[in-house]
Structure formats: structure tokens, C-alpha cells
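Worksheet: one structure, shown below.
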Amino acid sequence: MSDKTPIRVAVTGAAGQIGYSLLFPIAAGHVFGPDQPVILQLLELPVALGALEGVRMELDDCAFPLLADVITTSDAETAFGDADLCLLVGSKPRGPGMLRADLIRENGPIFVGQGKAIDAAAKEDAKILVVGNPCNTNCLIAMNQAKRVNRRNFTAMTRLDENRARSQIATKAGVPVSSIRKLSVWGNHSQTMYPDYTHGLIGGKPLADVVGDAEWLDGDFIKTVQGRGKAIINARGKSSAASAAWAAIDHAADWHRETPDGEWVSMAVPSDGSYGVPEGLIYSFPCTVDADGEYHIVQGIDLNDAAKARIEASANELSTERETVSDLLG
Ligand code: NAX
């Protein structure tokens with residue numbers, strides 16, 4: 001094993017379906033690289049600790065050279081102890097007939113407790129990624145409990161939406177996914193998200209020119225990306241799991257290294273007021289990451305009126321969500 005100090009990764013909801021797909025790539029080196037040991041610190045509800053023990057046994061059975069230790073617990077401060085990266089996956093799924101507002105009220109308190117536990121126990125510069133839905137507002141709640149850890153480092157996941165957009169474009173244009181650049185998702189991880197193709201490039205050429213079907217881009221493309229989560233549930237009978245886990249891996253890995261020249265990554269981060277998005281909302285912007293692992297919201301993007309309207313609509317939705325949980329914001 002490498003003699004580097006292991007990086008501590010806390011994962012909540014670790015015995016759930018996303019957790020099950022997420023832990024193995026982390027232990028195999030997909031986030032921090034092939035010579036960086038990791039310690040997994042796994043949080044579950046007491047009722048799921050038995051299942052979590054089974055997951056730990058499978059991690060053992062993989063004999064991952066980079067996996068220095070696995071801690072399983074139902075105590076949040078133990079799970080977040082000295083953590084460098086916290087992946088907040090655990091939360092209740094939306095039940096039949098449940099409204100978005102009900103889900104927000106149902107899951108919000110989980111993120112009050114976890115935000116406090118992160119603040120009490122994680123490293124000061126810990127990076128936090130919230131996956132559990134509604135992820136932007138859950139992240140907002142957790143961030144507002146943080147007094148000691150760096151609040152800028154509270155982020156939520158829209159990378160699955162970006163990956164879905166990339167795949168749709170690649171299929172339509174008949175190009176490899178790897179030839180696509182600067183395709184980014186703005187806003188809330190909800191039906192109001194805006195997958196922005198207007199600045200996208202394929203092989204260095206404007207994406208819209210290569211695709212050559214403006215009606216599809218403004219219509220079915222955006223609708224397909226916005227509705228993909230539901231389509232997966234309809235087909236599979238369960239919500240996206242492996243693709244969500246890999247998107248979390250992408251988000252964390254891309255936050256750990258410098259973004260290649262000419263590329264953007266979608267991250268929901270605390271708004272600094274850029275593009276008129278109210279300050280403090282957790283909003284997905286096109287971002288870049290520098291060599292020190294700091295993200296930056298891309299500035300100076302020229303937006304047309306349609307894009308501005310979509311960006312504003314998603315910000316309005318998040319402002320309403322913020323009002324719904326105002327009593328949980330500390
Ligand atoms: P599962 O129900 O399979 O797993 C959730 C796990 O979390 C369970 O094992 C449960 O015991 C645990 N849990 C619940 N409350 C907890 C708490 N307070 N502390 C620790 N653990 C707790 O759900 P799964 O399919 O893994 O989805 C997890 C979350 O990801 C859901 O909220 C889901 O909506 C969300 N998603 C987010 C996506 C995104 O793009 N941001 C996409 C996929 C997914 O829908």
C-alpha cells in the first residue's frame with residue numbers, strides 16, 4: 001500500500017441502493033487516484049446496520065489495496081469524524097402521492113442533524129456533496145448548521161443530470177461522449193433544471209450546429225433530461241442508483257483535480273449572486289476547479305432571453321423551497 005495518509009470519506013445511507021454502488025469505486029481509487037488510500041466511514045440507521053455489515057463483508061472480500069479501514073456506525077459524529085469528504089446520500093425516498101413540499105419537510109430535519117454533526121466532527125475544509133433529495137435544499141439546510149467548517153464546500157449533485165444530457169446529445173449527434181464540452185446544467189435538481197446546450201461544443205464546434213436540430217434541442221432534449229429520473233423509475237420500478245453513484249464519483253473526482261482547459265463541470269454550490277441567482281441558494285452553475293481543488297463559478301457567460309427565463313424560474317423554485325424550510329436554517 002502507498003504510504004500516503006488515507007483520505008477519510010464519510011457516506012450516509014451506505015446500505016441503500018446508491019450506497020451499494022458508490023462504495024466500491026471509491027475503495028478502488030476512482031475518486032482520488034490509484035495511489036491514494038481511503039478510509040470509509042459509513043453511516044446508517046440502526047435498523048440497517050445488519051445490511052451494512054454485509055456491505056462491509058463484501059468490501060473486505062474485494063481485498064482493495066487502497067482501502068485502509070471501514071468504520072460502520074449509526075452515530076453521525078463518529079461517521080463524520082475528521083472526514084475529508086462527506087457524501088450525504090441517506091434520506092427517505094418520495095412516497096406515492098407525496099408532494100415535493102412534503103418530501104422537503106420530511107427529509108429536512110435529517111440534514112439539520114447531519115449539518116451539526118459535520119460541523120462538530122469533520123475537518124474544517126471538508127468537502128460535502130448532498131445526493132439525498134431534494135438535494136439542493138437539503139444541502140442548504142446542512143450548510144446553515146455549519147459554523148466551523150467551510151460553508152463554501154457544501155455542494156449538491158446535478159452531475160447525473162449533466163451526464164444524462166451528454167449521453168442524449170452524443171446519441172443524437174452520433175459522436176462519442178468524450179467529444180462534448182461545456183454542456184452544463186443550471187438550477188435545481190428538479191423539473192425546473194436547465195440543461196444548457198447553447199455554449200456546448202462538439203469536437204470544438206458549436207454543439208447546436210453539429211446537432212443541427214434546433215427544435216429537438218429546445219424541446220425533446222430538455223424535456224428528456226428533466227424527466228429522465230421518472231423514466232428510469234417507470235422502467236426499472238426503482239429510482240436511478242448506479243448512474244447516480246457514478247455521477248457522485250464524477251462530482252467528487254472532478255472536485256479533486258484541475259478541470260481540463262476548455263471544460264466545465266456542473267455543481268450545485270452556494271450562490272454568490274452570479275447571474276442574478278439570490279445569494280446563498282444552492283444552485284447548479286457551470287464551474288471549473290483549480291489546481292488547489294477550489295471550485296469557481298464560470299463568469300461572463302452570455303445568456304439569451306430564454307436561458308435567463310429558465311435560470312430565473314429555477315431560482316424562484318429554490319427560493320420557495322428555502323421559505324418552506326426557513327425554521328430549519330438555524
Ligand atoms: P435507498 O432507500 O435505497 O437508501 C437510502 C438509505 O439511507 C437507506 O439504507 C436508509 O436506511 C438510509 N437512511 C435514511 N435516513 C438516514 C439517516 N438519517 N442517516 C443515515 N442513513 C439514513 O435510497 P437510494 O436509492 O440510495 O437514494 C438515496 C437518495 O438519493 C434519495 O433521497 C434519492 O431521492 C436520491 N437521489 C438523488 C439523485 C440526484 O441526482 N441528486 C438521483 C438518484 C436519487 O434519486
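The values are calculated or read from the model by the stated rules, or taken from the named source; none is laboratory data. All of these numbers come straight from a predicted model, not from anything done at the bench. Every residue, glycine among them, receives a Cβ derived from its backbone with ideal geometry; neighbour counts consider all protein chains shown. Each accessible area value is taken on the protein alone, full model and side chains, heavy atoms only, with ligands, DNA and RNA left out. Shrake-Rupley method; radii C 1.70, N 1.55, O 1.52, S 1.80 Å.
Observations
- Over the range 159-326, relative contact order from alpha-carbon pairs under 8 Å, at least 6 apart, %: 24
- Summarising the amide proton neighbourhood of Trp186: residues at separation of 5 or more, or on other chains, whose placed amide H is nearer than 5 Å comprise Tyr194, Asp196.
- Eligible lysines near Lys230 by straight Cα distance, threshold 30 Å, same-chain separation 8 or greater: Lys92, Lys127, Lys172, Lys182, Lys238, Lys308
- Restricting the range 198-284 to trypsin sites (Lys or Arg not before Pro) that sit in a DSSP loop and have at most 16 other Cβ atoms within 10 Å of their own Cβ leaves Lys238, Arg257.
- Sequence-ordered 3J(HN,Hα) estimates for the range 154-160 from the Karplus curve with 6.51, -1.76 and 1.60 and θ = phi - 60° stand at 8, 10, 10, 9, 10, 5, 4 Hz, glycine and proline given as x.
- For Phe24, the solvent-accessible surface with a 1.4 Å probe is about 40 Å², rounded to the nearest 10.
- Cleavage-rule hits (GluC sites (Glu not before Pro)) in the range 62-156: DSSP loop, at most 13 neighbouring Cβ within 10 angstrom: Glu124
- Per-q log10 I(q)/I(0), the chain, q = 0.08, 0.10 Å⁻¹ (Debye; single scatterer per alpha-carbon; no solvent): -0.35, -0.55
- Counted residue by residue at 0.36 nm each, then reduced by the alpha carbon distance between them, the extension gain from Ile71 to Asp327 reaches 88.9 nm.
- Exposure rank, largest accessible area first [Asp290, Asp327, Asp35; 1.4 Å]: Asp327, Asp35, Asp290
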